[in-house]
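Here's the structure we're looking at; comments come further down.
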Amino acid sequence: TYTMDGNAAFFDRASQVLPFGVSSNFRYWGEGENIGIARAKGTYVWDFDDNRYIDYRLGYGPVILGHGHAAVVDRVAEAISHGTVFALSHELEAKVAEQIVQMCPGVDKVRFANSGTEATMHALRIARSHTGREKVIKFEGQYHGMHDYMLFSTVSSPAEALGHRRNPISAPTSSGIPKAIHQLVICLPYNDLETLERTVKQAWGDVAAIIVEPIMGNMASTMPQPGWLELIRTLCDEYGIVMIMDEVKTGFRIAPGGAHEYFGVHGDLVTYAKALGNGFPIAAIGGNNETMSSVGPGRTAHGGTYCGNSVGTAAASATLEAIAQGALTVVEARGQALMEGIHEILTDAGFAHQVLGVPSMFGITFGEEEALDFRSWLALDHGLYSKIMMFLLRLGAMPDPDGGEPWFLCADLSEKDVDDTLNYFADAVQQAKRD
């Protein structure tokens with residue numbers, strides 16, 4: 001029996017001291033729809049009504065091994081017994097940096113941060129310092145963190161705010177962003193090779209960086225078209241622009257070496273977070289020797305009280321060890337089974353659809369054509385997706401009801417969990433057809 005009384009009582013309490021009862025706008029689903037988490041273990045979460053869910057949100061992707069993974073928890077417990085933050089460097093910082101450099105092709109040096117937002121913020125500063133230029137090119141529908149320079153033309157933007165495709169408007173997605181910053185951000189359609197090349201040739205003298213998610217992590221894992229990442233790399237080489245590969249979602253998830261390994265294209269700088277620490281707060285900026293040489297005293301500012309703290313680095317060390325030992329093989333197998341099963345169920349039900357992305361983070365869209373960029377994605381049937389996901393949630397599996405968010409998988413997901421999810425999904429699809 002699915003109930004929501006405990007969740008409602010919790011949010012009545014939380015809303016007295018937290019705006020909308022949450023610490024992130026993305027966690028607010030709407031009046032009467034909000035769910036709070038009481039506990040988690042492995043691939044499961046339980047809410048305040050003790051409803052159990054197979055978790056396909058996993059904190060928006062960080063929990064690559066499973067909630068409360070013993071090896072990670074034990075490593076963190078050992079580390080914090082000797083202290084958490086020192087205002088000086090410590091052994092775990094060097095160890096995790098060595099692991100990242102060993103696993104990720106194209107990365108020679110690493111600096112740590114505490115979140116994906118911090119990592120992209122610092123990466124932009126490094127790129128500006130390295131080039132002596134100020135503007136950044138980003139792509140519509142991509143999210144690179146909760147700081148002013150990146151909150152333009154995200155997946156929250158309406159189609160009418162984007163302007164003409166050949167002359168896009170960089171649409172702010174929040175109040176409070178200084179107008180002076182608007183002039184420093186160039187937003188372009190993703191996967192549009194012609195528009196990107198024309199824009200770079202016109203504006204390259206002002207462009208410090210091109211920042212790109214290799215997979216559209218807020219657009220159902222839309223993949224790069226052949227030649228897309230390669231073109232960005234070529235243009236950056238030709239015009240002295242820093243290519244920032246934002247691997248906050250793909251890093252240590254789609255391959256041990258992330259998108260650098262999976263696609264074979266290397267950014268000058270790369271940002272990591274999420275799966276790096278299996279849910280503990282840690283992030284990193286990596287890069288080649290030339291670009292990272294801009295970082296340092298008297299050169300480019302980077303720092304923070306908690307950067308490289310022992311809690312995050314201990315979690316990262318244990319997580320990276322598990323990934324290097326093959327944890328992603330399980331994730332890949334379970335994800336492949338889910339993608340194939342979901343495709344079969346939707347085909348049998350007669351729904352025009354696409355199952356996108358890679359097994360460790362895939363998405364589902366409803367429509368006749370596959371969307372290649374944010375503008376075409378906006379035209380898809382997102383209402384149908386949300387309806388099916390809400391039915392599915394009440395049956396016991398929890399992907400994000402927002403169609404932009406991928407399904408994230410962890411290594412604790414079992415074959416039975418996959419079978420149960422597909423059974424729930426088939427029932428949810430039938431409920432949506434009847435509704």
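The values are calculated or read from the model by the stated rules, or taken from the named source; none is laboratory data. Since we're looking at a predicted model, the values are computed, not measured. Here the Cβ is made from the backbone with ideal geometry for all residues, glycine too, and neighbour counts use every protein chain on show. Protein only, heavy atoms only, side chains kept; ligands, DNA and RNA dropped before computing areas. Shrake-Rupley method; radii C 1.70, N 1.55, O 1.52, S 1.80 Å.
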Cα-Cα P(r), the stretch 339-435, percent of pairs per 5 Å interval: 2, 13, 24, 29, 19, 8, 3, 0
Neighbourhood charge, 12 Å Cβ-Cβ cut-off, centred on ALA301 and excluding it, Lys, Arg +1 and Asp, Glu -1: +4
Loop-located chymotrypsin sites (Phe, Trp or Tyr not before Pro) in the stretch 360-400 whose Cβ has at most 13 other Cβ within 10 Å (DSSP): none
Of every Cα-Cα pair in the stretch 198-345, the percent that sits beyond 28 Å: 29 percent
Overall form of the stretch 42-199 per C-alpha gyration tensor (a/c, 1.5; a/b vs b/c): oblate
Loop-located GluC sites (Glu not before Pro) in the stretch 120-169 whose Cβ has at most 15 other Cβ within 10 Å (DSSP): GLU134
Accessible area (Å², 1.4 Å probe, nearest 10) - LEU395: 60 Å²
Calculated P(r) tail over 38 Å for the chain, as whole % of Cα pairs: 20 percent
Selection of GluC sites (Glu not before Pro), the stretch 335-434, meeting DSSP coil and at most 12 other Cβ within 10 Å: GLU368, GLU369
Size of electric dipole in the stretch 255-357: Cβ of Lys, Arg +1 and of Asp, Glu -1, about Cα centre, debye, nearest 20: 420 debye
Positive-end extreme of charge dipole, the chain - chosen from SER386, GLY350, TYR272 (charges on Cβ): TYR272
Interchain or long-range residues, amide H under 5 Å from ASN218's placed H: TYR143
Calculated FRET value between SER156 and ALA9, using beta carbons and R₀ = 35 Å, to 0.05: 0.75
Dipole magnitude of the chain, debye to nearest 20 (Cβ charges: Lys/Arg +1, Asp/Glu -1, about Cα centre): 1160 debye
Heavy-atom accessible area per residue - the stretch 315-364, 1.4 Å, Å²: 35 Å²
Exposed-site-free run, longest, the chain (rule: trypsin sites (Lys or Arg not before Pro); DSSP loop; at most 14 other C-beta within 10 Å): 1-164
Pairs of Cα atoms farther than 14 Å apart, the stretch 271-349, %: 74 percent
Normalised contact order of the chain, rounded percent, pairs of Cα under 8 Å and 6 or more residues apart: 21 percent
Between the stretch 305-328 and the stretch 365-412, the Cα center-to-center distance that results, in Å: 30 Å
Over the stretch 191-269, volume per residue of the alpha carbon convex hull, in Å³: 87 Å³
MET390-SER81 FRET efficiency (beta carbon distance; Förster radius 35 Å; 0.05 resolution): 0.20
Local net charge near ASP419, Cβ-Cβ under 14 Å (Lys/Arg +1, Asp/Glu -1): -4
Within straight-line cross-link reach of LYS135, lysines at Cα separation under 26 Å, skipping those fewer than 8 residues along the same chain: LYS109, LYS179, LYS201, LYS249
Net charge of Cβ neighbours under 10 Å - reference ALA38; Lys, Arg +1; Asp, Glu -1: -2
HN-Hα J in Hz across the stretch 348-360 - Karplus 6.51, -1.76, 1.60, θ = phi - 60°, x for Gly and Pro: 4, 7, x, 8, 5, 7, 9, 10, 10, x, 10, x, 7
The stretch 152-243 shape via C-alpha gyration tensor axes, a/c threshold 1.5: oblate
Length released on extending from ASP420 to HIS182, taking residue separation times 0.36 nm less the Cα-Cα span: 80.9 nm
Eligible lysines near LYS41 by straight Cα distance, threshold 17 Å, same-chain separation 8 or greater: LYS416
